[in-house]
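The next block holds one structure in the form of structure tokens; read it before the comments.
No lab work stands behind these numbers, since they all come straight from the coordinates. Predicted, not measured: the structure shown is a model, and the values here were computed from it. Reconstructed Cβ throughout: ideal geometry from the backbone, glycine too, with neighbour counts over all protein chains shown.
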Amino acid sequence: MKCPKILSATAVDNNTLMIEFDNHQKKKYDITPLLSREIFSPLKNPAFFKAVKVEQGGYAVAWDSNIDLSEYELWSHGQLMS
């Protein structure tokens, strides 16, 4: 399945990302289920979470070299905004 690329990512609160894709759709993605995994635990820090960046090419969002989420994950599991 070909996923749309990520244009922008914004932390809207301490656990939710608003993702805009290149097909002009927006999705909300809740990271809460990920926080139980060790690799994602730094995202519990609100300042760190809000520092999300879109990777070059729009294939993922990332916080640092260890923590990222693919466009597939965000597209497949995000909640479509009307």
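What pairs come out if I take residues in the stretch 23-44 that are without any contact (Cβ under 8 Å) to a residue 40 or more places away in the chain and more than 21 Å from Tyr59 (Cβ to Cβ) and pair them with residues that are among the β-branched types (Val, Ile, Thr) and part of a loop (DSSP other than H, G, I, E, B) whose C-beta lies under 6 Å away, six or more apart or interchain?
Nothing qualifies.
Could you list, in sequence order, the residues of the stretch 56-82 that are within 8 Å of the chain's Cα centre (by Cα) and under 9 Å from Lys28 (Cα atoms)?
Within the stretch 56-82, Leu74 is the sole residue that qualifies.
Yes or no: Ser76 surrounded by 11 or more Cβ atoms within 10 Å (Cβ to Cβ) and outside any helix (DSSP H, G or I)?
On the way: surrounded by 11 or more Cβ atoms within 10 Å (Cβ to Cβ): yes; outside any helix (DSSP H, G or I): no.
No; evaluated as a whole, the condition is false for this residue.
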